[in-house]
Amino acid sequence: MAHPLLLIATVILAPAIITVNGCSPSDKASLLAFKAALSEPYLGIFKTWSGDNCCLNWYGVSCDATAGRVSDINLRGESEDPIFEKAGRSGYMTGKISPEICKLDHLTTLVVADWKAISGEIPPCITSLSNLRILDLIGNRISGEIPADIGKLQRLTVLNLADNTISGKIPASIVNLASLKHLDLSNNQLTGQIPNDIGKLAMMSRALMSRNQLTGPIPSSIASIYRLADLDLSGNRLSGSIPSGLGQMPVLSILNLDSNSFSGQIPSSLLSNPGMGILNLSRNGFEGTIPDVFGSKSYFMVLDLSYNNLKGRVPASLSSAKYIGHLDLSHNHLCGTIPMGSPFDHLEASSFSNNDCLCGNPLKTC
């Protein structure tokens, strides 16, 4: 019978022995197949992917020490890593993401970002990686569609597919990502509407979908996302009016809706919300007057209502705002005298240009 102390030592050393002996042969084979589908000609990071133990000194690869399985792949083409600094350049990589990646069934993080030239599609089997928490493929040339059953990734907290050439619609199943906090689909070629029940993403704090070809209205369910702080839908083909609920969102501080085809009136609650810090509604078809609802708690770093069909006067209550940094009311149909005092005393004429009949400082005297 083995000595009790020896048994204890064996239990303690077991995880370390797994790590020392290397990752599982199947994980190593998957990593090498992943590497074979890519070409990185300048930095030589894949030269580190040699030897039996892929859990030790393989650039960008981390393992779960207990299981001895690959848990993280973190390959970022814009990095402060010494390899990049020594080369004095950011990374450049071509090739495709191999479906072999889907065999790494302990994977929690997949970052293959900012390599500029990785192409091909997102392997649909990626949705089988039930432990995945971070999927970050920003800054490549990935094409095709977002996998239809992306909603299966119940632990996903970050989905970043920005700055690619991904097309098709936003999958309906995306609203099932119950843990999602950060969604970035910006600067792609997505079409169709924003899923109507996107409000189911109750944990989401950032939703960035700018510079696509999305159409239809803003779903009113977005207003029910309590934690949402940053919503960017600019540079699309969205239409309809702004849901009034957006102005009552308690955490929303950045709202970019510029360069769309929105119409109707600006909800007064958007301008009176003391938490709103950046509001850009420019280059749309908003009409009516600017609600005169500013107060001592109004604090706008950016307030841009330019290039719309707004009429009436510049709201006098703007002068009671705690702070207005950048204000742009140009290219509307405003008329009357520009109020005096802060913030108007530090604004340039360009903030008020191309209106029907505005006058007063910094424009010509009335």
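The values are calculated or read from the model by the stated rules, or taken from the named source; none is laboratory data. Just so we're clear, the structure is a prediction, and the values are computed from it rather than from any experiment. Counting neighbours? That spans all protein chains shown, and the Cβs are built from the backbone with ideal geometry, glycine included. To get the accessible areas, we keep the full protein, side chains included, count just its heavy atoms, and leave off ligands, DNA and RNA. Shrake-Rupley method; radii C 1.70, N 1.55, O 1.52, S 1.80 Å.
Things worth noting here:
- Cβ separations smaller than 6 Å between residues 6+ apart or across chains give the following pairs from the range 166-185 residues that are acidic (Asp, Glu) to residues that are part of a loop (DSSP other than H, G, I, E, B): 184/162.
- If you filter the range 25-37 down to residues that are open to solvent by 20 Å² or more (accessible area, probe 1.4 Å) and of a type in the set (A, V, I, L, M, F, W, C), you find that the one that is farthest from residue 96 (Cα to Cα) is 29.
- Search result, residues across the range 45-61 that are open to solvent by 50 Å² or more (accessible area, probe 1.4 Å) and either in contact with a strand residue (DSSP E or B) (Cβ under 6 Å, 6 or more places away or on another chain) or touching a residue at least 12 places away in the same chain (Cβ under 8 Å) (or both): 52, 56
- Residue in the range 205-221 that is open to solvent by less than 10 Å² (accessible area, probe 1.4 Å), in contact (Cβ under 8 Å) with a residue 40 or more places away in the chain and closer than 21 Å to residue 113 by Cα present: yes
- Within the range 324-351, residues that are under 17 Å from residue 293 (Cα atoms) sit with their Cβ atoms under 6 Å from residues that are of a type in the set (Val, Ile, Thr) and assigned to a strand (DSSP E or B), at 6+ positions apart or across chains, in these pairs: 343/324.
- Leading residue by the ranking (nearest to residue 263 (Cα to Cα)) among those in the range 278-315 that are open to solvent by 20 Å² or more (accessible area, probe 1.4 Å) and aromatic (Phe, Trp, Tyr): 307
- Here residue 237 meets each of (1) open to solvent by less than 40 Å² (accessible area, probe 1.4 Å); (2) closer than 25 Å to residue 196 by Cβ; (3) in contact with a strand residue (DSSP E or B) (Cβ under 9 Å, 6 or more places away or on another chain) with one exception, condition (1).
- Residue in the range 120-130 that is nearest to residue 94 (Cα to Cα), counting only those that are open to solvent by 40 Å² or more (accessible area, probe 1.4 Å) and among the polar types (S, T, N, Q): 128
- The criterion of at least 1 residues that are modelled with pLDDT of 85 or more is met, among helices (runs of 4 or more DSSP H) falling completely within the range 1-93, by 25-36.
- Condition met for residue 227 (under 18 Å from the mean Cα position of the chain (by Cα) and either assigned to a strand (DSSP E or B) or surrounded by fewer than 18 Cβ atoms within 10 Å (Cβ to Cβ) (or both)): yes
- Any pair with Cβ under 9 angstrom, 6 or more apart, that starts in the range 135-163 at a residue that is on the phi > 0 side of the Ramachandran plot and ends at one that is among the hydroxyl-bearing types (Ser, Thr, Tyr) and surrounded by fewer than 16 Cβ atoms within 10 Å (Cβ to Cβ): 144/165; 144/167
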